[in-house]
Amino acid sequence: MKKLLAALGALALSSPAQAEWRLDAGVAIVEPSVTNSTMELLALLCGDPVQVEIYSRGGSVQPETADAEQPVAAQVQADYFYLPGKVQAVVDGRPFPLTAAGSDAAVVLFSEGTKAQSYMAPLRPDFIDALKTGKELTIGFDITPANGADGSPFETTAAFPLDGSAAVIEEALRGCS
């Protein structure tokens with residue numbers, strides 16, 4: 001985790017990303033190709049059994065803002081954690097309902113589970129397969145009352161390219177149980 005955080009620090013100081021999948025300390029990572037949010041990096045790694053994490057400027061995922069004077073986390077109340085219907089991944093038009101949990105440094109994504117599971121289920125294998133075979137992943141958060149450009153409630157989004165992801169994801173998940 002410390003190596004991943006160091007990579008994030010280096011990323012923040014580097015020039016704009018080319019949005020290509022790569023391995024960093026055994027973790028598959030990619031930057032968004034397009035975003036209207038504070039999302040800066042998606043990481044895929046072994047977890048329980050597989051984990052997807054979103055790293056974002058200022059902590060929780062927020063809509064991008066032009067107000068540089070106000071801290072990002074103070075701008076909008078992040079009321080999407082542990083709630084169904086607040087996060088969705090779309091791979092090549094196919095939706096995957098997700099749930100977000102917070103960690104020290106990232107927003108951790110789960111498949112949407114039942115109330116008894118606190119709406120957090122392990123990531124579905126078909127979602128991981130779609131990440132390997134698809135062309136584009138869009139992750140959307142329902143954070144504000146506004147709707148997205150597509151009319152959906154997911155107004156805060158980031159698109160991640162999936163070209164070249166298969167080999168990198170396979171390598172990152174090689175040791176997962």
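The values are calculated or read from the model by the stated rules, or taken from the named source; none is laboratory data. A quick note: this is a predicted structure, and the numbers were derived from the prediction, not measured. Virtual Cβ from ideal backbone geometry, glycine too; neighbours counted across all protein chains shown.
For the range 73-88, indicate whether the set of residues that are closer than 27 Å to Ala172 by Cα, out of contact with any Gly (no Cβ under 8 Å at 6 or more places or on another chain) and not in a loop (DSSP other than H, G, I, E, B) is non-empty.
So far as the range 73-88 goes, no, none of its residues is closer than 27 Å to Ala172 by Cα, out of contact with any Gly (no Cβ under 8 Å at 6 or more places or on another chain) and not in a loop (DSSP other than H, G, I, E, B).
Which of the residues that make up the range 73-105 are modelled with pLDDT under 85 and touching a Pro at 6+ places or on another chain (Cβ under 9 Å)? Outline the logic, then answer.
Here is the first cut: in the range 73-105, the ones modelled with pLDDT under 85 are 73-78, 103-105.
Result: Gln75, Val76.
In the range 150-175, the residues that are without any contact (Cβ under 8 Å) to a residue 40 or more places away in the chain reach residues that are in a helix (DSSP H, G or I) with C-beta atoms within less than 7 angstrom, at least six apart or across chains, in these pairs: Ala166/Lys132; Ala166/Thr133.
Listed here are the residues, each with its yes/no results for (1) within 13 Å of the chain's Cα centre (by Cα); (2) at positive phi; (3) surrounded by 20 or more Cβ atoms within 10 Å (Cβ to Cβ).
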site: Ala19; (1), (2), (3): no, yes, no
site: Leu23; (1), (2), (3): no, no, no
site: Val30; (1), (2), (3): yes, no, yes
site: Ser33; (1), (2), (3): yes, no, no
site: Met39; (1), (2), (3): yes, no, yes
site: Ala43; (1), (2), (3): yes, no, yes
site: Asp48; (1), (2), (3): no, no, no
site: Val52; (1), (2), (3): yes, no, yes
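If the condition is being more than 15 Å from the chain's Cα centre (by Cα) and either at pLDDT 95 or above or of a type in the set (Gly, Ala, Ser) (or both), then the range 133-152 contributes Thr133, Gly134, Lys135, Ala146, Gly148, Ala149, Gly151, Ser152.
Pairing each residue of the range 38-56 that is within 17 Å of Phe81 (Cβ to Cβ) with any residue that is among the basic types (Lys, Arg), provided the two are 6+ apart or on different chains, yields C-beta distances under 6 Å for Thr38/Arg57. Cβ contacts < 8 Å: first residue under 16 Å from Val91 (Cα atoms), restricted to the range 109-129; second residue part of a helix (DSSP H, G or I), any location; separation 6+ or different chain. Result? Every condition considered, the pairs that remain are Ser111/Phe127; Ile128/Ile169.
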